[in-house]
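Note sheet for the following structure.
The values are calculated or read from the model by the stated rules, or taken from the named source; none is laboratory data. If you're wondering where the values come from, they're calculated on a predicted model, not measured in any experiment. Heads up, the Cβs are rebuilt from the backbone with ideal geometry, glycines too, and the neighbour counts pull from every protein chain shown. Accessible surface areas use protein heavy atoms only, side chains included; no ligands, DNA or RNA. Shrake-Rupley method; radii C 1.70, N 1.55, O 1.52, S 1.80 Å.
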Amino acid sequence: MNVAYTKLLKIGGRLCEVNFRKLSPGNYHVDTSDERGNRHMFSMIKSEEGSWKLSSTTQAAWINQAEELIATTIGEWEASGEPGSDGQKY
């Protein structure tokens, strides 16, 4: 099942279109672009404690600073009951 959605988030003082694609329960591919149009792609992984974390800290500083906002966005979507958010196949 390919579940994908897009959210507009205010990151670093600007509005960013952030694309989320659920790869499996506990694993999301995320991508967005910077002010120059360069794409930034990374993964968010759900830790054993249940919190969402960047899979790597080698991202641009503004992405590292937005980790909590991105994690909150994933958590809210998963709690929303949207198709695919709970891991069930539709």
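Listed by first and then second residue, the pairs linking a residue in the stretch 1-23 that is free of Cβ contacts under 8 Å to residues at least 24 places away in the same chain and open to solvent by less than 60 Å² (accessible area, probe 1.4 Å) to a residue that is in a strand (DSSP E or B) and among the charged types (D, E, K, R), with Cβ atoms under 6 Å apart and 6 or more places separating them unless they lie on different chains, are 19/31. If I filter the stretch 42-64 for residues that are closer than 15 Å to residue 18 by Cα, of a type in the set (D, E, K, R) and modelled with pLDDT of 90 or more, do I get at least one hit? Scanning the stretch 42-64, I find no residue that is closer than 15 Å to residue 18 by Cα, of a type in the set (D, E, K, R) and modelled with pLDDT of 90 or more, so the answer is no. Which ones in the stretch 24-67 are in contact (Cβ under 8 Å) with a residue 24 or more places away in the chain, open to solvent by 40 Å² or more (accessible area, probe 1.4 Å) and under 16 Å from residue 3 (Cβ atoms)? The one that is in contact (Cβ under 8 Å) with a residue 24 or more places away in the chain, open to solvent by 40 Å² or more (accessible area, probe 1.4 Å) and under 16 Å from residue 3 (Cβ atoms): 25.
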